[in-house]
Amino acid sequence: MVTEDDVRRVALSLPETGEKPMYGTPGFYVKTRWFARIREAGDVLVVFCPTEEDKLALIAAEPAKFFTTPHYDGYPTVLVRFHAIDAGELRELLTDSWRLRAPKRVLAAFDG
């Protein structure tokens, strides 16, 4: 199980990442593009997927970890339950989401 502090530590370890409130909860940005946020309940993370089809596949494969709400229908974002993932999965989810949102220059420097 991960905590809000774990999310913050991992997210802010990624290049050119900052934190600022998003709808009253912690949001994480690479430059000006958000890539993750903690939902109001404080135990759910929102991250990006490559496509909505990928999101639906995650939910179908592991519904105890991943889910969505009508608010996120039509968007390539998935909700992740803190209690269902470990630190390694958190790092992977945040890094993948960051990679999808990072500007090309930032991504190239990270991969370089």
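The values are calculated or read from the model by the stated rules, or taken from the named source; none is laboratory data. On a predicted model such as this, the values are computed, not experimentally measured, just so you know. As a convention, Cβ positions derive from the backbone with ideal geometry for all residues, glycine included, and neighbour counts pool all protein chains shown.
So the values come out like this:
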{"item": "Any chance Glu4 is surrounded by 14 or more Cβ atoms within 10 Å (Cβ to Cβ), farther than 21 Å from Ala109 by Cα and acidic (Asp, Glu)", "result": "yes"}
{"item": "Qualifying residue in the range 94-107 (condition: assigned to a helix (DSSP H, G or I), at pLDDT 95 or above and more than 21 Å from Val10 (Cβ to Cβ))", "result": "yes"}
{"item": "In the range 29-47, residue surrounded by the most Cβ atoms within 10 Å (Cβ to Cβ) [restricted to those that are among the charged types (D, E, K, R) and under 20 Å from Asp6 (Cα atoms)]", "result": "Arg37"}
{"item": "Candidates Pro50, Pro26 - the one that is within 13 Å of the chain's Cα centre (by Cα) and surrounded by 15 or more Cβ atoms within 10 Å (Cβ to Cβ)", "result": "Pro26"}
{"item": "Options Val44, Val10; residue that is farther than 23 Å from Pro103 by Cβ and β-branched (Val, Ile, Thr)", "result": "Val44"}
{"item": "Residues (in a strand (DSSP E or B), in contact (Cβ under 8 Å) with a residue 60 or more places away in the chain and among the hydroxyl-bearing types (Ser, Thr, Tyr)) located in the range 1-56", "result": "Thr17"}
{"item": "Hits in the range 61-91 (condition: without any contact (Cβ under 8 Å) to a residue 40 or more places away in the chain, exposed (fewer than 13 other Cβ atoms within 10 Å of the Cβ) and out of contact with any Leu (no Cβ under 9 Å at 6 or more places or on another chain))", "result": "Ala61, Pro63, Ala64, Pro70, His71, Asp73, Gly74, Gly88"}
{"item": "Residue match in the range 72-82 (condition: of a type outside the set (Asp, Glu), assigned to a helix (DSSP H, G or I) and farther than 13 Å from Phe35 by Cα)", "result": "yes"}
{"item": "Single match in Thr25, Thr69, Thr51 (criterion: of a type in the set (S, T, N, Q) and closer than 26 Å to Asp111 by Cα)", "result": "Thr51"}
{"item": "Selected residue (criterion: surrounded by the fewest Cβ atoms within 10 Å (Cβ to Cβ)) from residues of the range 92-112 that are of a type in the set (A, V, I, L, M) and over 15 Å from Glu52 (Cα atoms)", "result": "Ala108"}
